[in-house]
Amino acid sequence: MKQLLSFSGIEEERLHSKWISSAEGPEFAEEMRKFVENLRALGPSPLKDVNKGKKAA
Amino acid sequence: MDYRTVLTTCTHCGCGCNFYLEVLDGKVIGTIPCKTSPTNEGKLCIKGWNVHEFIQSEKRLTQPLLRKDGELKEVSWDEALDFTAKRLREIKDTHGADSIGFLTSARVTNEENYLLQKFCRAAIGTNNVDHCARL
Amino acid sequence: MSDKVKDKVKELLSSGKIKGFLGLCSRDGNIAPHLFVTEDELDNLVVGDKSAPGDSRYPLNRQLINLVRAYPDDTFGILVRGCDERGLAALASWNQINPNKIEMVGIACPQELAIACECLKPYPESFVDGEKCEGVTAETVARIDSLKVKERFDLWLNEFSKCIKCYGCRNICPMCFCNECSLENDELIRKGEIPPEIPTFHLTRAVHMAGRCIDCGLCSEACPADIPLRTLYKKVADIIYKQYNFRAGYDAGQKSPLNFLGGLPE
């Protein structure tokens, strides 16, 4: 998925997948904190305005 | 077993895209755009791609409908045509030819459209004719 | 190059081995997909080269699925190029056809077509006509790979923006056999929204082509907006090859690593 996103011109860092057990709450929280930090550093998605102004027909 | 691919022209608009209808044992099962057609060169729009679905739709009208006591009822062609002719004449005689207008369709042939405008202008006597493709 | 194909089909039909042969015929000035059931029809058999080699190929595998679903006990013959053969192998691995009930009559593509297609294997395992030519790697994919991420984004945004959501890429695809299609799932692709959401529509389809696309290129040829879909799916196939060492249809016995329906690949 990351490679396909990258090929399509979307930074692959915007997708993150990791296996975490449901018993590992703190690890999940830490992972999410890091992910959000990374996303902030990347800035707004290039897709943000792409579909703007489109209405369902 | 009888499997055929039948070359035909799309009825949805005036472009005239060509495609093959896949017919298996008398039932139309698919649409394949014609690669060698100079019009569409193997491409179709979403309407053309789905032509095989409407052809055999049970929702298609197979008989004329006439509203009687507020309800649409199936009637014979003779009855429908007699009624339409009678009412058109009455309306024309009472209110004039320009009180009648005709809307024709992109889904019929060029020749049928020609006939309708001819009927409208020559038989009824009005220029009130338009077409759904003139959007 | 159709004479040797005609001889082979004649032999198959006269021996009663096949019920019909799905191929191409010259008819009314066009090249049409056609089911040959008698030997005398074979005069009009062609291999789909009208103005250029392979310019009028049809989704014969897709038509074959329609036939075998209606007549599962009969054996059919079919004209195959390298891509079609891969398609049949992949369809068999997805349990869509019974390979024992199919007689392939192969032709090898000329180098010119292999270059135009950037085809890795422009010939079937066995063929009655044509000559084996060199496989070609995908320059189009390499070119996009070499761009910066922003340039890639702009390129695909421009391409996807042309989409009229005709579903032609899916409708022509010989590997699209699902009864329910994700592209018609309202949760993913909103119904009645034209043009489709970018890039959701195209990437959803690209993901579904992973481990499935056999690189026949009919999607690109059917696209009225000339979106280079084939390049996108070539990349997806490359990713699957890199990750799982698998290319759809190249090894007849092998299942896709993404195919869990028939059990995990061995």
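The values are calculated or read from the model by the stated rules, or taken from the named source; none is laboratory data. Just so we're clear, the structure is a prediction, and the values are computed from it rather than from any experiment. Note: ideal-geometry Cβ built from the backbone for every residue, glycine included; neighbour counts use all protein chains shown.
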Here the qualifying pairs (Cβ atoms under 6 Å; residues six or more apart or on different chains; first in region C:172-188 and within 12 Å of C:Met209 (Cα to Cα); second charged (D, E, K, R) and part of a loop (DSSP other than H, G, I, E, B)) come out as C:Met175/C:Arg212
Filtering region C:129-154 for residues that are surrounded by fewer than 17 Cβ atoms within 10 Å (Cβ to Cβ) and among the hydrophobic types (A, V, I, L, M, F, W, C) leaves a count of 3
### Task
Kindly establish whether B:Gly42 is in contact with a strand residue (DSSP E or B) (Cβ under 7 Å, 6 or more places away or on another chain) and either at positive phi or at pLDDT below 95 (or both).
yes
Looking across region C:108-155 at residues that are part of a loop (DSSP other than H, G, I, E, B) and among the polar types (S, T, N, Q), the single one that is nearest to A:Leu5 (Cα to Cα) is C:Ser146
Exactly one of C:Ser2, C:Ser15, C:Ser93, C:Ser56 is within 14 Å of chain B (Cβ to nearest Cβ) and either of a type outside the set (D, E, K, R) or surrounded by 22 or more Cβ atoms within 10 Å (Cβ to Cβ) (or both), and that residue is C:Ser56
Among residues of region B:10-20 being at pLDDT below 95 and either among the aromatic types (Phe, Trp, Tyr) or surrounded by fewer than 16 Cβ atoms within 10 Å (Cβ to Cβ) (or both), the residue nearest to C:Leu60 (Cα to Cα) is B:Gly16
If you go through C:Lys165, C:Lys191, the only one that is exposed (fewer than 14 other Cβ atoms within 10 Å of the Cβ) and within 12 Å of chain A (Cβ to nearest Cβ) is C:Lys191
Listed by range, helices (runs of 4 or more DSSP H) wholly within region C:1-107 having at least 3 residues that are closer than 25 Å to C:Asp215 by Cβ are C:60-70, C:82-93
Here the qualifying pairs (Cβ atoms under 8 Å; residues six or more apart or on different chains; first in region C:155-166 and on the phi > 0 side of the Ramachandran plot; second at pLDDT 95 or above) come out as C:Lys165/C:Phe201
- Can C:Val68 be described as in contact with an Asp or Glu (Cβ under 9 Å, 6 or more places away or on another chain) and under 22 Å from B:Ile29 (Cβ atoms)? yes
Residue count, region C:228-253, condition part of a loop (DSSP other than H, G, I, E, B) and either modelled with pLDDT under 85 or acidic (Asp, Glu) (or both), comes to 3
Reported set for region B:81-135 where residues are among the small types (Gly, Ala, Ser), over 18 Å from the mean Cα position of the chain (by Cα) and within 23 Å of B:Cys13 (Cα to Cα) is none
Checked B:Ile46, B:Ile29 against criteria (of a type in the set (A, V, I, L, M), surrounded by 14 or more Cβ atoms within 10 Å (Cβ to Cβ), in contact with a helix residue (DSSP H, G or I) (Cβ under 7 Å, 6 or more places away or on another chain) and not assigned by TED's automatic domain parsing to the domain that holds B:Arg121); the one match is B:Ile29
Among B:Thr84, B:Thr11, the single one that is within 30 Å of B:Gly101 (Cβ to Cβ), of a type in the set (S, T, N, Q) and without any contact (Cβ under 8 Å) to a residue 24 or more places away in the chain is B:Thr84
So the helices (runs of 4 or more DSSP H) completely within region B:1-111 holding 3 or more residues that are of a type in the set (A, V, I, L, M) are B:77-95
If you go through B:Val23, B:Val75, B:Val51, the only one that is outside the structural domain of B:Glu111 (by TED's automatic domain parsing), surrounded by 12 or more Cβ atoms within 10 Å (Cβ to Cβ) and at pLDDT 95 or above is B:Val23
Practice item. Tell me, yes or no, whether region C:195-208 has at least one residue that is surrounded by 16 or more Cβ atoms within 10 Å (Cβ to Cβ), under 19 Å from C:Lys121 (Cα atoms) and either hydrophobic (A, V, I, L, M, F, W, C) or out of contact with any Ser or Thr (no Cβ under 9 Å at 6 or more places or on another chain) (or both). Key: no
Inside region C:194-210, the number of residues satisfying the requirement of being free of Cβ contacts under 8 Å to residues at least 12 places away in the same chain and either farther than 18 Å from C:Ala237 by Cα or more than 7 Å from chain A (Cβ to nearest Cβ) (or both) is 1
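Residues checked against (1) part of a helix (DSSP H, G or I); (2) surrounded by fewer than 12 Cβ atoms within 10 Å (Cβ to Cβ); (3) touching a residue at least 24 places away in the same chain (Cβ under 8 Å):
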{"site": "A:His16", "(1), (2), (3)": "no, no, no"}
{"site": "A:Ala23", "(1), (2), (3)": "no, yes, no"}
{"site": "A:Pro26", "(1), (2), (3)": "yes, yes, no"}
{"site": "A:Ala41", "(1), (2), (3)": "yes, yes, no"}
{"site": "A:Val50", "(1), (2), (3)": "no, no, no"}
